[in-house]
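Heads up, the thing below is written out as structure tokens.
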Amino acid sequence: MDHEELLAQLHDWHDNDEYSRIIERIQQVPVQERGYGLISQLARAYNNDERYREAIQQLLSVADEGKQDPLWHFRLGFAYHHLGLYDQALHALREANRLQPGDEDTLDYIEYIRPKAEKMIRDQQRCKLDAAIWKQKHGNALPFEGFDLASFWRGNEYARANEISEPVDEAVVRSIEQELGYTIPAAYIALMKSQNGGTPSRTSFPTQEATSWAEDHIAITDIHGIRRDRSHSFGGGLGSRFMIEEWGYPDLGIVICDCPSAGHDVVMLDYRLCGPEGEPSVVHVDQEDDYEITYLAPNFEAFIRGLVDDSVFDEGDEGEDIED
């Protein structure tokens, strides 16, 4: 089969949504023989198969050839969008529009992405400010120094049966990090050493904007353990990768908390600003609102210290002080 016949076959498979066949067939072609056309088709198939990081890798490998191709920029923007990298998605889509002005799909996509990108930039600025304040206040203190971990967890039969795992095992931590592609924060590991997953005694966190849960806060039902022996733990069958790959949550980090909606919103560690080995912020991701991302805290320990009792938000309740 010559090059033109192969491209025609790939287009037929694309029309029939046979993306895995496209990927498998192109991978049979030696890398040095693929050229811009086949690599573009491979990236397209990766995007349609929801393998966005691999799509970006392929697209960036032919960045010089793609500079003047609006489709190259559009596909790059599509991949960045699904990773929650809205600022980079917007930049790529604007380049696509510059090269092919007036394309309706591109213009509609730009209008859709713009508010998400603007919010992301605002949240990252707020995160940087909060992180600086946190560092000034806590300095080089050990994780949870002065924090009462003994009373943090709420004991109940469901948690003992379904959420609490065996003590943290460092070898398991390292293998799960490799599996997820992210370094788990030291504070998370420290908390899991007190109890490896379960329900905290305080389950609400204040927000500066409304979500599908409430006008001024979100709620969680549990914090996931770093194990594989519980379904919702980091390495469990219904854990972080399941929520990203099956429920469509953006691949911006690790799902760490379930919420009362039973999967329709979650709390995640967000590595977009720091990279996979850095100190992630904490965000709420709302499937009920088109996977809207709401910034919560500059790091995991700040999130845990910021949790408050549900009664703080009861109507007519004067509230209580929030521990920082």
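The values are calculated or read from the model by the stated rules, or taken from the named source; none is laboratory data. What you see is a predicted model, and the numbers here were worked out from it, not measured in a lab. Note: ideal-geometry Cβ built from the backbone for every residue, glycine included; neighbour counts use all protein chains shown. For the accessible areas, the whole protein counts, side chains as well, though only heavy atoms, and no ligand, DNA or RNA atoms are used. Shrake-Rupley method; radii C 1.70, N 1.55, O 1.52, S 1.80 Å.
Key figures for this structure:
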| item | result |
| --- | --- |
| Two-decimal log10 I(q)/I(0) for segment 24-169, as the Debye equation yields it once each C-alpha is a single scatterer, q = 0.15 Å⁻¹ | -0.84 |
| Equivalent ellipsoid semi-axes, segment 147-263, via Cα gyration tensor eigenvalues times 5, rooted, Å | 22, 19, 14 |
| Amide H contacts under 5 Å for residue 218, placed H, 5+ residues apart | 205, 207 |
| Sites residue 128 and residue 186 - FRET efficiency at Förster radius 25 Å, r taken between beta-carbons, to 0.05 | 0.80 |
| Spatially proximal lysines relative to residue 128 (Cα-Cα < 20 Å; intrachain offsets below 8 disregarded) | 116, 119, 137 |
| Cα-based helix-to-principal-axis angle, 35-48 vs the chain, degrees rounded to 10 | 40 degrees |
| For segment 198-304: accessible area per residue (Å², 1.4 Å) | 33 Å² |
| Where N is the number of residues in the chain, Cα Rg divided by 2.2 N^0.38 Å | 1.12 |
| Cross-link reach list, aspartates and glutamates versus residue 193, counting only Cα pairs under 12 Å and skipping chain neighbours closer than eight places | 166, 169, 170 |
| Ordering of 186-195, 295-304, 201-210 by burial proxy (mean other Cβ atoms within 10 Å per residue, highest first) | 295-304, 186-195, 201-210 |
| Rounded tilt (10° steps) of 104-138 against the dominant C-alpha axis of the chain | 40 degrees |
| Value at 222 nm in deg cm²/dmol, rounded to 500, when DSSP H runs of n ≥ 4 in the chain each add -39,500 (n - 2.57) | -14500 deg cm²/dmol |
| Burial ranking of peptide ranges 128-141, 43-56 (average Cβ count within 10 Å, highest at the top) | 43-56, 128-141 |
| Counted charge near residue 3, where neighbours are those whose Cβ lies closer than 11 Å (Asp, Glu -1; Lys, Arg +1) | -3 |
| Among beta bridges that DSSP assigns inside segment 178-323, antiparallel share in %, nearest 5 | 100 percent |
| Within the accessible area of the chain (1.4 Å probe), percent carbon and sulfur | 47 percent |
| Protection proxy ranking of 85-96, 233-244 - average other beta-carbon atoms within 10 Å, highest first | 85-96, 233-244 |
